[in-house]
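Contents: one structure, followed by commentary.
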Amino acid sequence: MFSAVFGSVEQGIIYAIMALGVYISFRVLDFPDLTVDGSFVSGAAVAATMITLGYHPVAATALAVIVGFLAGCVTGLLHTKGKINALLSGILMMIALYSLNLRIMGLTSENSIGRPNIPLLNAESMFNQFQSFWGSLGIDTAVNNFLSMLGVQHLPATWGTLFIMTIIVLLIKFVVDWFLRTEIGLAIRATGDNKKMIRSLSANTDTLIIVGLGFSNALVAFSGALIAQYAKFADIGMGIGMIIIGLASVIIGEAIFGTKTIVRTTFAVIAGAIIYRIVLGWALRVDFLDTGDMKLITAVIVIGALILPQYFDKRREKSRKAKRHAERLMEFQSRSKGGAAVAETRPD
């Protein structure tokens, strides 16, 4: 059980970067961006292709982020300059990226124009390079010995991936928090709330939407590049349903931790991604479910995350109304008793 939860937390932290990107487009910009399903694969494809061709993993990941940013910008251009519906813009870009991703991965094969997957089993990745340094510190042995004394079994081979990803995700969270508080970030938030209002202040909403979608998909592509290096492969179908996973993370996090401030909301999104992966891992341990049911499980989790908060809100509202009614009834009864007492003491 511990190893399953540990693996879910590791994956959840990496997917949290993608969830932050979905949060920016879905919540901040109020833009249903389906580009995510394509830009996630683009990040994985670019990183895997460059690593296979011998480039440094950090340079490969950086280029993946740039490609994701450009994909988001194109979606923004289709919507703002091409006057195409927001949902349709994302769908068109997602379809285009499917072919582009095949072409990108095909660069690793001389005889193939397109390639559906790239294995990275023997390739050097960011995680391999860090783990070689981490292993020399002896932290894994100390932590595992301590947990073994507590009776924990099936311990992970290394804690290095969890450590480095926690640092990376926290840095990205601080960058997102900072960006959304800058002048451009505030303008993007205002654009998502009320375009007419921000236009009245002479702001260029088209540029803000393009930049916001570019930033969103850059984070998504970054997550895709890390997942490819973590899972040791890139596949053309690994982005299917990614927008739903991102939305599930956002909705679960917001329902549990709230959205009073930007700092709290971004933390909620990260926690929501981790909780989602843990719940998914537990669900897959049920005997009659297998990996082919992941999309169904995701749909059920999202439905539950959408319906349950409404149910509990109604319960709380009903409880508050009942409490107020009881207080008013007690106040009325006390007034009635007071009036009756006065009437009894009044002389005839």
What helix-only [θ] at 222 nm does the chain give? Using -39500 (n - 2.57) per DSSP H run of at least 4, over all residues, to the nearest 500, the answer is -25500 deg cm²/dmol
In whole Hz, the Karplus estimates of ³J(HN,Hα) for segment 159-164 (6.51, -1.76, 1.60; θ = phi - 60°; x where Gly or Pro) are 9, x, 4, 4, 5, 5
Kindly express, to the nearest 10 degrees and within the range 0 to 90, the angle between helix 2-23's C-alpha long axis and the longest C-alpha principal axis of the chain. 80
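To the nearest whole percent, what portion of all C-alpha pairs in the chain is separated by more than 39 angstrom? Each step should come with its number before you reach the end.
Values: 15289 of 60378 pairs.
Counting pairs separated by more than 39 Å, the tail of P(r) holds 25 percent.
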Keeping all protein chains in the complex and leaving out DNA, RNA and ligands, what accessible area do you get for His325 with a 1.4 Å probe, in Å² to the nearest 10? 120
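Can you give me the accessible area per residue for the chain, using a 1.4 Å probe, in Å²? Working shown, then result.
Values: 18390 Å² over 348 residues.
Using a 1.4 Å probe on heavy atoms only, each residue of the chain averages 53 Å².
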Just to check I understand the Karplus step: with θ = phi - 60° and J = 6.51 cos²θ - 1.76 cosθ + 1.60, what whole-Hz values come out for segment 194-203, glycine and proline as x? 7, 5, 4, 5, 5, 5, 5, 9, 6, 8
Whole-Hz ³J(HN,Hα) from phi, Karplus 6.51 cos²θ - 1.76 cosθ + 1.60, for segment 249-264, glycine and proline x: 4, 5, 5, 4, x, 5, 5, 8, 10, x, 9, 5, 10, 4, 4, 5
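Quick one: compute the contact order of segment 1-87, relative version, from alpha carbon pairs under 8 angstrom and 6+ residues apart, as a percent. Each step should come with its number before you reach the end.
On the way: 50 pairs, mean separation 22.5, N = 87.
This gives 26 percent for segment 1-87.
Once the convex hull of the C-alpha atoms of segment 1-64 is built, how many Å³ does it hold per residue, rounded to a whole number? Don't skip to the answer; put the middle values down first.
Details: hull volume 7.2 nm³, N = 64.
Enclosed volume per residue, from the Cα hull, is 112 Å³.
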Working note, segment 193-348: Cα radius of gyration (Å, one decimal) and Dmax (Å, whole number) are 26.5, 97
Expressed as a whole percentage, what fraction of the accessible surface of segment 1-101 belongs to carbon and sulfur atoms when a 1.4 Å probe is rolled over the protein heavy atoms? 73
If I take every Cα pair under 8 Å that is 6 or more residues apart in segment 79-226, average their sequence separation and divide by the length, what percent do I get for the relative contact order? 15
Under 5 Å between amide hydrogens, which residues at least 5 positions from Phe233 or on another chain qualify, with H placed 1.01 Å from N in the peptide plane? Leu120
Suppose accessible area is computed on protein heavy atoms with a 1.4 Å probe; arrange Ile251, Ile184 from highest to lowest. Ile184, Ile251
Can you send over the carbon and sulfur percentage of the accessible area for segment 251-335, probe radius 1.4 Å, protein chains only? 64
With +1 on the Cβ of every Lys and Arg and -1 on the Cβ of every Asp and Glu, the dipole magnitude of segment 126-216 about its Cα centre, in debye rounded to the nearest 20, is 360
Glu10 accessible area, nearest 10 Å², 1.4 Å probe? 20
Could you work out how much longer the chain between His154 and Ala96 gets when fully extended? Use 0.36 nm per residue separation minus the Cα distance between them, nm to one decimal. 16.5 nm
State which entries of Lys232/Lys260; Lys260/Lys321; Lys195/Lys260; Lys195/Lys295; Lys173/Lys314; Lys81/Lys196 exceed 29 angstrom in Cα-Cα distance in the structure shown. Lys232/Lys260; Lys195/Lys295; Lys173/Lys314
With every protein chain kept in place and a 1.4 Å probe, the residues Tyr98, Tyr276 fall, from largest accessible area down, as Tyr98, Tyr276
Find which of Ala86, Ser99, Ala71 sits farthest along the positive direction of the dipole of segment 66-200, computed with +1 on the beta-carbon of Lys and Arg, -1 on that of Asp and Glu, about the Cα centre. Ala86
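Provide Leu88, Leu180 ordered by accessible surface of protein heavy atoms (probe 1.4 Å), highest first.
Values: Leu88 80, Leu180 0 Å².
Ranked from most to least accessible, the order is Leu88, Leu180.
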In degrees from 0 to 90, rounded to the nearest 10, what is the angle of the helix 139-149 Cα long axis to the longest principal axis of the chain? 50
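The values are calculated or read from the model by the stated rules, or taken from the named source; none is laboratory data. Worth saying up front: this structure is predicted, and the values here are computed from it rather than measured. With ideal geometry, Cβ positions are generated from the backbone for all residues, glycine too; neighbour counts draw on all protein chains shown. Ligands, DNA and RNA are excluded from the accessible area calculation, which covers all protein heavy atoms including side chains. Shrake-Rupley method; radii C 1.70, N 1.55, O 1.52, S 1.80 Å.
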